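**Student:** Just passing along the structure, written as structure tokens.
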Amino acid sequence: MASRSSRQSYSHNHNNGSASSSSTTSSSSSSAAVSSRTTVGHAQPAHNISGRPKPPSATSRRSVTPNSRTQSFHSDQEPRRVRVAIRLRPRNAEDLLSDADFSDCVELQPELKRLKLSKNNWSSESYRFDEVFTETASQKRVYEVVAKPVVESVLNGYNGTVMAYGQTGTGKTYTVGRLGKEDASERGIMVRALEDIIASTSPASDSVEVSYLQLYMESIQDLLAPEKTNIPINEDPKTGDVSLPGATVVRVQDLDHFLQLLQVGEANRHAANTKMNTESSRSHAILMVHIRRSVHEKVNDEINSQEKGTKSDLFDGNGIPIVRKSKLLIVDLAGSERIDKSGSEGLLLEEAKFINLSLSSLGKCINALAENSSHIPTRDSKLTRLLRDSFGGSARTSLIVTIGPSARHHAETASTIMFGQRAMKIVNMVKLKEEFDYESLSRKLEGQVDHLTAEIERQQKLRDDDKYKLEKQLRECHDSFAEARKVLVTRSEILEKENIHLESEMKGILNELNHQKDLNNLMQDKVSKLEMSLKQSEQHQLENSTYQKVLADTTQMYEKKMAELIKQIEDERAHSENAEEQLALMKKLLSEHQKSIQGQKQIDELALKLQEMYQLHENTLSELQSLKSENKDLLLQKAKLNEELHSVRQRLLEQEKQRKGIENELIKLKRAVPENENDFEDKKSYMKEELSKGSSEFGNRMGSYRSNPLRENISGQRATIAKICEEVGLQKILQLLTSEDSDVQVHAVKVVANLAAEDINQKRIVEEGGLDALLMLLRSSETTTILRVASGAIANLAMNEMNQALIMDKGGALLLAKTASKTEDPQTLRMVAGALANLCGNEKLLTVLKEDGGIKALLGMVRSGSSDVIAQVARGLANFAKCESRGVIQGHRIGRSLLIDDGALTWLIANSNTNSASTRRHVELALCHLAQNEDNAKDIISGGGVKVLIQISVESSREDIRNLAKKMLRLNPSLQADMHAR
Ligand code: ADP
Ligand code: MG
């Protein structure tokens, strides 16, 4: 911005300077702009380079205005003057080589907008231009100063032209047509103009269209469609609008699109020139940009709004939107060098002149315009005809004149400069007498500004690229977020489902836990009771032992006392002996005394003393007597206590004996439980269905079964068990099922299984929680024996219809199915199959049983290959099918059999020929029952069941089954039809 405003101030300087300078070749009046023959009240710009005769009023209006007013390169006050800038190309390798001993022929004074052209070694001439670009000038600045005001004007609805004029190789194409694909800072005027136009227009309401043409030898060729040559120019006689109806017009979508078009045009231009054996320097390249903008303003005063038209009201008086059409021409002119110098390349001079006809005609028009001539020869060439509505006048026109620095081309450079001067209407500036010191400094700064400008633009480009990349990344992030969120939602849904499932499972486990807790509490009560009694017995024992201890202590004490007494007696005895001895001694002494002593008195004294001594002796003797009797008493007491101790010991021994007896009894009880776990199984369950039919054969079998000595043995054992159960109590036995000790569990489950075999016990077992305990064992035990016996017990309980519903309610079918899948033990599988087969006999439970996987489990157990297991499976299927057919007959069951989905029908058909008689009968029965239901007919027919049914009706070993099969084949119309079809 700063550089721009400083440049504007240069312009002011220049204009002030221009006013004060004296021109050598033309009067000050020649530095005037040419006024247009503007039709007042018309929004379209008028046409200036017009060959049509002009009315006198128009001629008078093309007045010359003294160039004394303040103006910038494109001043709003002087819209009609052709702006001319000069650009010096940097030296190239060729210049450096050939100009080694020459000095430059031009010297630029950009701050004064002057160019000094040296005539010879001692004199030079100075020319003023609207702008002077040194060799370091950036493309951006050239665009902004030369072309941008034209582009802005075109965007505002006026036609405009930017032309590059100069000798071949001086940078016309560089200035105008450079694509700058690698380095955006090198982009030329065409690209930058379109960039601005695209940015200022909206694709929704506006249109930007381009044509790209080449003018060579007065023939217009379409560079976007090179096959189109000699395209005619059309001029609207009324409006004077110039158009090329034959040229390709492409609507530009974005800058990339435009760059592609330019590239195509460039390639075509190159190809065309190669083909014609010409040089691009001989042709003019013309880019035509047509802009249509819908304007939301009402144009009140056209003249006033010519420059600021966009600032008016929205619509015209009728509210009709206004469309503005304008045209921008960007022309890369042919080289301005003299024909003789560039060589005619084998063409005749006339032809060579023809090549440059357009260029010389342009010069003539410019001269005529500059000289304010009444006739402007625009009709002389195609170029001037094309430019008629876009050059000068109310149209903005900029000319960029390119020159090279080399002195070798002095003449061409001079003529080029003169062309520019004529276009400007300013000829030959006066030589400057003095030069300013700040010039070099200014030049340096200018150079830095240019360098920085290019750098800034490069950075801007990089930033734009980064921004684009970041935006792309952001978009990708958004996408991945959305994706992640989707995944999360589905996962949370899955988790929620899982959660619900787990919760329900947990509820089940909780229930079970509660149940176990109850059991536990019960057990704990019992344990605490047992502990209490144990404590009591311990207390008792303890009491006994303290009693014994006290006894022993007392005895000891007495013994001690006795010993003391005896010692005392002995002491006394010794004492008395001593006294007697003393007495004897005294007597002897007395006698001696009596002999020896003469005094009676002494004798009396002694006699008295003796008497005292005797008395003492008597006392001691009586004391001794009493002690002796005391001792006797104590001895008696001791004997008594000993007796008592003995009796207590006796009692303890008795208690010990009693305890041992109880223990023995318990061991006996354990032993009394039968070792053969199969014994508890009651075959009745297997036969229930058959018995109800009154099958005599089966009854016989049953009879023979019962007369079996083993059976008798079993019933004997069972009686023992029943007795034990009475003694111990069913409740206690059921509690033993939950024992920690698996041995105890095994025994207990065997007892329960045996009890369950008897109808009379079943109700009690279930009521007292036996069924729950058995199901718990199925759920938690890993011990084969326990699983087997528990399944058997459940099979026995499942004979009872009431129990069947209970078993199902408590998830028994699921547990049985699970057990079936986790064991390979054929005995266990037989029990499980038996239990499921019994459940199959309850019509109300069929659906739940199927849903809980009962049928699948049954069919799965066939894998064991054991005929016993398979027989149970077949019995189960027969029970199921029978219940279903009963339901169908009674009218409360519709649709095809639940067995079919699980593959039971297929299995039945495949096993109808099995060798096992019992299995075969069940299979036959099952098939007959399935055939009862019309809805099963389709599956039976497709599975080949009709043939099997026919076979059953003929071959079955049992008459009732044969009859049943016949009946089904007869009654089921679909089967009947299929049978007849055979
Ligand atoms: P013209 O179109 O006038 O015949 P070009 O535009 O083809 O000339 O330029 C001739 C050569 O000079 C090209 O290689 C171009 O890149 C180079 N050139 C022209 N002007 C400049 C400049 N201002 N800066 C750098 N190189 C330039
Ligand atoms: Mg060129």
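**Student:** Say the dipole of the range 521-633 comes from +1 at the beta carbon of Lys and Arg and -1 at that of Asp and Glu; which of GLN548, ASN631, VAL527 then lies farthest toward its positive end?
**Tutor:** VAL527
**Student:** Using the basic label-point model (7 angstrom from Cα toward the beta carbon), what is the VAL527 to SER202 distance in nanometres?
**Tutor:** Spacing of the two 7 Å Cα→Cβ label points: 8.7 nm.
**Student:** Compute, for the range 859-982, the length of the dipole vector about the Cα centre, with Cβ point charges of +1 (Lys, Arg) and -1 (Asp, Glu) only. Units Debye, rounded to 20.
**Tutor:** Values: 16 positive and 12 negative charges, 48 e Å.
Dipole magnitude for the range 859-982 comes out near 240 debye.
**Student:** Please work out whether the range 445-485 counts as rounded, prolate or oblate from its C-alpha gyration tensor, where a ≥ b ≥ c are the square roots of the eigenvalues and a/c under 1.5 means rounded, while otherwise a/b larger than b/c means prolate and anything else oblate? Write down the numbers at each step before the final one.
**Tutor:** Values: a/c = 10.74, a/b = 8.52, b/c = 1.26.
Here the range 445-485 falls in the prolate category.
**Student:** Still on this structure, please answer the following. Along Cα→Cβ, 7 Å out, is where each label goes; now give me the distance between the ones at VAL728 and LYS947 in nm to one decimal.
**Tutor:** Here the answer is 5.8 nm between the modelled labels.
**Student:** Using θ = phi - 60° and the Karplus curve 6.51 cos²θ - 1.76 cosθ + 1.60, what whole-Hz ³J(HN,Hα) does each residue of the range 179-192 get, with Gly and Pro shown as x?
**Tutor:** With coefficients 6.51, -1.76 and 1.60, one gets 7, x, 5, 7, 10, 4, 6, 8, 4, x, 5, 4, 5, 5 Hz.
**Student:** Take the Cα of GLN650, step 7 Å along the line toward its Cβ, and report every residue of the range 526-564 whose backbone nitrogen sits under 17 Å from that point.
**Tutor:** Only 548 pass the distance filter.
**Student:** Could you give the dipole magnitude of the range 779-834 about its Cα centre, charging the beta-carbon of Lys and Arg +1 and that of Asp and Glu -1, in debye to the nearest 20? Don't jump to the answer; show the numbers that get you there.
**Tutor:** Working: 6 positive and 5 negative charges, 16 e Å.
The dipole of the range 779-834 has a size of about 80 debye.
**Student:** Let me ask another. Which of the peptides 146-156, 521-531 is most tightly packed, and how do the rest follow, judged by the mean count of other Cβ atoms within 10 Å per residue?
**Tutor:** Details: 146-156: 23.7, 521-531: 11.7.
In decreasing order of mean packing, 146-156, 521-531 become 146-156, 521-531.
**Student:** Sort 919-929, 210-220 by packing, meaning the average of other beta carbons within 10 Å per residue, with the highest value first. Write out the running numbers ahead of the final one.
**Tutor:** Working: 919-929: 26.3, 210-220: 21.4.
Ranked from most to least packed, the peptides come out as 919-929, 210-220.
**Student:** Using a/c under 1.5 as the rounded threshold, could you call the range 901-967 rounded, prolate or oblate? The axes a ≥ b ≥ c are square roots of the C-alpha gyration tensor eigenvalues, and prolate needs a/b larger than b/c, oblate otherwise. The partial results should precede the final answer.
**Tutor:** Details: a/c = 1.85, a/b = 1.27, b/c = 1.45.
Oblate, because a/c is 1.5 or more while a/b does not exceed b/c.
**Student:** Same structure again: Relative to the present Cα-Cα distance, how much length would full extension add between GLN615 and LYS567 at 0.36 nm per residue of separation? Numbers along the way, then the final one.
**Tutor:** Details: separation 48, 0.36 × 48 = 17.28 nm, distance 2.28 nm.
In short, 15.0 nm is gained.
**Student:** From the phi angles alone, apply the Karplus equation (6.51, -1.76, 1.60; θ = phi - 60°) to the range 910-916 and give each ³J(HN,Hα) in whole Hz, x where the residue is Gly or Pro.
**Tutor:** Result, ordered by residue: 5, 10, 6, 10, 4, 6, 5 Hz.
**Student:** For VAL323, list long-range residues whose amide hydrogen, built 1.01 Å from N in the peptide plane, is under 5 Å from its own amide hydrogen.
**Tutor:** VAL295
**Student:** Moving to a separate point now. Work out, step by step, the length gained on full extension between LYS181 and GLN260: first 0.36 nm times the residue separation, then minus their alpha carbon distance; give nm to one decimal.
**Tutor:** Values: separation 79, 0.36 × 79 = 28.44 nm, distance 1.05 nm.
Between LYS181 and GLN260, full extension yields 27.4 nm more.
**Student:** Quick one: which of 256-263, 949-956, 721-728 comes out on top by average Cβ neighbours within 10 Å, and what's the full order, highest first? Before the final figure, lay out each step's value.
**Tutor:** Numbers: 256-263: 16.9, 949-956: 18.5, 721-728: 15.2.
Ranking the peptides 256-263, 949-956, 721-728 by packing returns 949-956, 256-263, 721-728.
**Student:** What is the set of long-range amide H partners of VAL252 at a cut-off below 5 Å, with H atoms built 1.01 Å from backbone N?
**Tutor:** For VAL252, whose amide H was placed from the backbone, the distant partners under 5 Å are VAL208, GLU209, VAL210.
**Student:** So, one more: Need one word for the range 774-927: rounded, prolate or oblate. Basis is the Cα gyration tensor (sqrt eigenvalues a ≥ b ≥ c); a/c below 1.5 gives rounded, then a/b vs b/c decides. Intermediate results must be reported in sequence, preceding the final value.
**Tutor:** Details: a/c = 1.95, a/b = 1.24, b/c = 1.57.
It comes out oblate by the Cα gyration axes.
**Student:** Name the residue from LEU383, ASN372, PRO405 whose Cα lies farthest towards the positive end of the charge dipole of the range 366-426, charges +1 on Cβ of Lys and Arg and -1 on Cβ of Asp and Glu.
**Tutor:** LEU383
**Student:** Any of LYS325/LYS469; LYS497/LYS882; LYS535/LYS560; LYS517/LYS657; LYS750/LYS822; LYS529/LYS660 with alpha carbons more than 27 Å apart? Name them for me.
**Tutor:** On the way: LYS325/LYS469 37 Å; LYS497/LYS882 38 Å; LYS535/LYS560 37 Å; LYS517/LYS657 37 Å; LYS750/LYS822 21 Å; LYS529/LYS660 20 Å.
Over 27 Å Cα-Cα: LYS325/LYS469; LYS497/LYS882; LYS535/LYS560; LYS517/LYS657.
Quick note: the coordinates plus some simple rules give every number you see, no bench work behind them. Because the structure is a prediction, the values reported are computed rather than measured. Neighbour counts are summed over all protein chains in view; Cβ atoms, including those assigned to glycine, are modelled from backbone coordinates with ideal geometry.
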